[in-house]
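Okay, structure first, notes after.
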Amino acid sequence: MRKKVIDIYPPSGEGTVTGNVHAKEKRERGGKGKWILGLLFLLVIVGGYLYYSSYGTVVVASPSTVTIEEARELLVRGSGSVGTGEVRGILLSETLEGSREFPIEETRTMEERAEGEIKVCQDYSDSPRKYVERTRFISDEGKLFEATESFVLPGVHENDGCAWVDAIAAETGEDYNLSENSSFALPGLEGTGLYGRVKGKSFNLKKEGFSKEVPYLDERTMENAEKEMLNELSSRGRERIDEEYGENYYLGMDAQYTAEVIERDFEEKEDEDTFDFKLRIRVRAMGIEKDSVYDFIYEILPEDHTWRKEDDKISFNLKRINFEDKEGDATMNFYGEIYKDIDRERVKREIIGLDFKEAEKVLREELEVDDLSIRTFPFGLSRVANNPDRIRIELDF
């Protein structure tokens, strides 16, 4: 049997299935590596652009402060322009009304005498007989009455000698509210032949008598009620004015407000120990404009200085208000911390692109500060940004 002799061999792997697979994998790995490198390069470019486009500098300065205290006399003008030593004001007004029930603490004795008619008759004469005013009648219960005017009793043949006589009790009280069938004698005739022959036979009560303690609304109670209502409505008026204008005007002084009573009224309740009191008032005030006060304060500060408004203490003593002339006199007390103002735009231009050490040296020469720090954002270089819009100056007290 003859053997086949192979004396030339092909390159290792080529011409076989295994060799073809390895070559393909090698080509694929090479292509993927180039793609990854390209992506990383792109990310570096984009990241660098984003970093430098967002790169900024923050300067944090703690200005040196000086505390000052000033008291100045001011004229507050509610109209027209203001001059030296003057500030603008505004005249404010609120009308309020209210009513409340108040107790009546005082009492007094109310007394009334009973009044009525007594039917008086005589049986002794055919002729009329006249009797004087205040002729006395005493009832069978011992209650004394007096005639309120003179009267004439007719003869016995006319109206049976009877007449109705107006009479009033000698004393107050319910005991004199007699019944209809009460009878009376005339004590003035006692000891004469007419006693018992002239008498009262019945009684017609027209007005009851009484004596009792009742609530009494005196002047002091009225004054106290008005004072209480006035304080209540005045406080409400002040709150309304403060709420509406307090953001832009100084309104904290008692002397700024006046309360005027426009109308008052009261209603008593019969036989009750309370009464209703009604009051209508007008609350007026003079507000002092904050912006005008700030302008005035800037005028009295040293040149190129400002102050920390959030920590200031400004108060007023308003000594006089003339609502007709729309002006007032006030003393302003100012207490605050002042510091040299910072021209931020100029400072930014002077430190553009400097490294931190150079920038700090320039800043300390330009600014009156107790402390100073410089940092970048988001992170990285120790150099001030080249764009002034990317530089921020913050004050730290």
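Read the figures in this text as sums done on the coordinates, not as results from a lab. Source: prediction; values computed, not measured. Here the Cβ is made from the backbone with ideal geometry for all residues, glycine too, and neighbour counts use every protein chain on show.
Hey, any idea what the orientation-averaged projected area of the convex hull of the stretch 239-320's Cα atoms comes to, in nm²? Before the final figure, lay out the partial values.
Values: hull surface 33.6 nm².
Averaged projected hull area, Cα only: 8.4 nm².
Histogrammed with a bin width of 10 Å, the alpha carbon distances of the stretch 208-260 distribute as 19, 32, 19, 13, 9, 6, 2 percent, first bin at zero.
Among the listed pairs Lys340/Lys361; Lys290/Lys348; Lys290/Lys313; Lys143/Lys212; Lys143/Lys207, which are separated by more than 21 Å between their Cα atoms?
Numbers: Lys340/Lys361 18 Å; Lys290/Lys348 31 Å; Lys290/Lys313 13 Å; Lys143/Lys212 19 Å; Lys143/Lys207 16 Å.
Long pairs (Cα-Cα over 21 Å): Lys290/Lys348.
Amide H to amide H distances under 5 Å link Asn177 with Gly209, where only residues 5 or more positions off or on other chains count and H is placed in the peptide plane. Mind pulling the angle between the C-alpha long axis of helix 356-366 and the longest principal axis of the chain? Nearest 10 degrees, somewhere in 0 to 90. Taking the Cα atoms of the chain, the angle to 356-366 is about 40 degrees.
Would you tally the net charge around Arg88, using a Cβ to Cβ cut-off of less than 13 Å, leaving Arg88 out, and scoring K and R as +1, D and E as -1? The partial results should precede the final answer.
Values: positive: Arg77, Lys290, Lys326; negative: Glu86, Glu289, Asp291, Asp295, Glu327.
With Lys, Arg at +1 and Asp, Glu at -1, the neighbours total -2.
Cross-link check: pairs Lys278/Lys319; Lys206/Lys269; Lys227/Lys319; Lys206/Lys278 evaluated at a Cα-Cα cut-off of 30 Å; pairs beyond the cut-off: Lys278/Lys319; Lys206/Lys278. Relative to the longest principal axis of the Cα atoms of the chain, the long axis of helix 17-54 makes an angle of roughly 50 degrees.
Once divided by 2.2 N^0.38 Å, the Cα radius of gyration of the stretch 110-179 becomes 1.19. Pair-distance distribution P(r) for the stretch 110-253, from all Cα-Cα distances in 5 Å bins starting at 0: 2, 9, 14, 14, 10, 7, 5, 4, 4, 4, 4, 4, 4, 4, 4, 3, 3, 2, 1, 0 percent. Quick note on the stretch 176-254: its Rg to Rh ratio, both from C-alpha atoms and Rh being the Kirkwood radius, is 1.67. Cα extents for the stretch 246-397 along the principal axes, largest to smallest and rounded to whole angstrom: 92, 34, 24.
Tell me the relative contact order for the stretch 350-397 as a rounded percent, counting alpha carbon contacts under 8 Å between residues six or more apart. Please report the intermediate quantities before stating the final value.
Details: 34 pairs, mean separation 21.4, N = 48.
Here the relative contact order equals 45 percent.
Based on DSSP H runs of at least 4 residues, each adding -39500 (n - 2.57), what is the mean residue ellipticity at 222 nm of the chain after dividing by all its residues, to the nearest 500 deg cm²/dmol? Let's see the in-between values first.
Values: 5 runs with 95 residues, N = 397.
That comes out to -8000 deg cm²/dmol.
Taken along the Cα-to-beta-carbon direction at a fixed 7 Å, the label points for Glu105 and Thr84 span 5.8 nm. Counted by Cβ distance under 13 Å from Glu213, the other residues give a net charge of -3, where Lys and Arg count +1 and Asp and Glu count -1. Relative to one another, the C-alpha centroids of the stretch 58-80 and the stretch 144-185 are positioned 92 Å apart. Semi-axes of the equivalent ellipsoid for the stretch 334-388, computed as √(5λ) from the eigenvalues of its C-alpha gyration tensor and ordered from largest down, come to 24, 12, 11 Å. With respect to the chain, whose longest principal axis is taken over its alpha-carbon atoms, helix 219-245 is tilted by about 20°.
For Glu232 and Tyr298, FRET efficiency with R0 = 41 Å and r from the beta-carbon atoms, rounded to 0.05?
Approximately 0.50, to the nearest 0.05.
Restricting to Cα atoms and excluding each atom paired with itself, what does the Kirkwood estimate give for the chain in Å? For the chain, inverting the mean 1/r across all distinct Cα pairs yields 33.8 Å.
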